[in-house]
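Written out below as structure tokens is the structure these notes cover.
The values are calculated or read from the model by the stated rules, or taken from the named source; none is laboratory data. Small disclaimer: the values here were computed from a predicted structure and weren't measured. Virtual Cβ from ideal backbone geometry, glycine too; neighbours counted across all protein chains shown. Ligands, DNA and RNA are excluded from the accessible area calculation, which covers all protein heavy atoms including side chains. Shrake-Rupley method; radii C 1.70, N 1.55, O 1.52, S 1.80 Å.
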Amino acid sequence: MGRSYYVDEAVEKYFTKIIQQQKPYVTGLLIGHCSLLRDYVLLAVQTPQKEEPGEVPKQRAGPPRLDDIDEEWVSIHASQVNRMLPGGLLVVGVFLITSPELAKESQNTLRKLLFAVDKTSRKNRLWSPGENDPTDRAAVHVCSLTKKNTCRTFDISDPKSTAKPADWKYQNTPSSWLTIDCNVHVDLIIPLSSSATYQEKQKYTRQGLVQWAKELENAVILFNGQVKDSDGDLVEEQKKSRSSAHSSPQIISANILMTPNSVNRSTAQVQICKSTLRIQGVVKCRGYVSSSKPKVRDATQAIKRDLQNTLSDRCEILFEDIILNGSQHESEKEHSPLPQRIFIPVPGSTVMFCDYVFGDETEEDLENRIFEMLDQEVHYKALAFVEETNNRETHENEHQPPHDSSKPNQPSSPSNEERHTFTKGTSTKQQNIGLLMAAAVVVLAGLISLYYLNE
């Protein structure tokens, strides 16, 4: 028996809206949640146009063909969207809307897109899939004439996998989610060699984050101040019945307790370095789990992966800016604020996506980027700014007392204590997240080649 996808009604309306555009074909991503019990799809996002604003689309001779679809462009869009997904959510598949005459080619095209998107998504993440992570992903074809949809799945862990049928079930009411909220203090020091180039700094930062991510896997998490068995229920039955009577989302507070490194050394580890990179501050983390029989292990996984993703993404944005704009201004400041994390409401759902902004970005820039990536019109005032940037000299952070990892990270309301910096012993670089999709092509190729050359 194949998998079943429970799809929010908003996705069906979105497909109808795209069909009305009367295009030969449209590609896009399916965003939701995968679990052993159920798979959910809460949003569909079409691939943005590759042409720059005002540029005349290139015309090709003859009728349109699915071979014209740019797999790399779809993959780059997926990598940008992945940055905007909090813990517990991911790209669960791809969709393709075509006219009837192109339907015969749809399955092979969807398969290629699905594996290309997955390959790109796995490039820079710090965590590895676990035994309980489903490896099937959805490939959905919609006929623009009949509006009939066909859902199949492919096993992304097997390059030779074949299509399997799956159920695509629309829901009249949106899926219900529990929100896991957590503030985490991060103080990570990464040693650098005597004459590290920015490519080497990128490599060292990556290595430091990978080691930190391994230590995070051993962390203990308290939910609402309690330690719970990983196989147990996240929410008690009596609380679930009470919460169902309220329309407001249920929020569960989490505290991450980092444990000492389990590797015991008989001798000290000596590492020669001239300078260091220091990633320091308080990070706002958020994860989502289905409110239908949520398990502690699901919430633990969601919040840990969200922390790993958000820290890795912020550092990637820094080096992308260096690759795009050069390193001529890199030595101007010794302390640079990492981008501020904001949360974006999803219409008709309690779930929120996220993005990263800098102080020099305008409201229009932010709204345009969200529209380009998610095909959603969101007003600036609707965004949730949960982290406050630090406009003071960030070297003040170096004189703060050390954080006691034996004490839980107490959640707090947004304040000027919720700041994060990328501090360098020699120099730093002011980041800029306002990346154009066209520039992302160059960036992605540069990042991938650098990682593989340095490894």
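Residue under question is Val7, and the condition is that it be closer than 17 Å to Pro174 by Cβ and touching a helix residue (DSSP H, G or I) at 6+ places or on another chain (Cβ under 6 Å); does it hold? Answer is no for this residue.
Looking at region 97-108, can you tell me whether even one residue there is part of a strand (DSSP E or B), in contact (Cβ under 8 Å) with a residue 60 or more places away in the chain and buried (at least 20 other Cβ atoms within 10 Å of the Cβ)? Within region 97-108, one or more residues are part of a strand (DSSP E or B), in contact (Cβ under 8 Å) with a residue 60 or more places away in the chain and buried (at least 20 other Cβ atoms within 10 Å of the Cβ).
Cβ-Cβ contacts under 9 Å between residues 6 or more apart (or on different chains), taken from a first residue in region 11-24 that is of a type in the set (D, E, K, R) to a second residue that is part of a helix (DSSP H, G or I), are absent. When we screen Asp155, Asp118, Asp187, Asp167 for residues that are open to solvent by less than 30 Å² (accessible area, probe 1.4 Å) and of a type in the set (Asp, Glu), the only hit is Asp118. Taken together, Pro57, Pro24, Pro63 contain a single residue that is over 19 Å from Phe154 (Cβ atoms), surrounded by fewer than 16 Cβ atoms within 10 Å (Cβ to Cβ) and modelled with pLDDT of 90 or more, which is Pro24.
Among the candidates Val140, Val94, which residue alone is in contact with a strand residue (DSSP E or B) (Cβ under 9 Å, 6 or more places away or on another chain) and closer than 15 Å to His77 by Cβ? Exactly one residue qualifies, and that residue is Val94. Quick check: is even one residue across region 164-181 at pLDDT 90 or above and of a type in the set (Asp, Glu)? Looking for residues that are at pLDDT 90 or above and of a type in the set (Asp, Glu), one finds at least one in region 164-181, hence yes. Can you find, within region 294-307, the residue that is nearest to Glu236 (Cα to Cα) among those that are touching a strand residue (DSSP E or B) at 6+ places or on another chain (Cβ under 7 Å) and charged (D, E, K, R)? So the residue we want is Lys295.
Scanning region 175-184 for residues being open to solvent by less than 40 Å² (accessible area, probe 1.4 Å) and not in a strand (DSSP E or B) gives a total of 1. Give just the number: which of (1) more than 24 Å from Leu178 (Cα to Cα); (2) open to solvent by 80 Å² or more (accessible area, probe 1.4 Å); (3) modelled with pLDDT of 85 or more does Arg38 not satisfy? Only one criterion is unmet by Arg38, namely (1).
Residues to consider are Glu367, Glu332, Glu388; find the one that is surrounded by 12 or more Cβ atoms within 10 Å (Cβ to Cβ) and at pLDDT below 75.
Glu388
For Ser121, are the conditions met, namely being modelled with pLDDT under 90, among the hydroxyl-bearing types (Ser, Thr, Tyr) and farther than 17 Å from Ile18 by Cα?
yes
Suppose we keep only residues that are charged (D, E, K, R) and part of a loop (DSSP other than H, G, I, E, B) within region 124-147. Which one would you say is most open to solvent (accessible area, probe 1.4 Å)? Per the criteria, the residue is Glu131.
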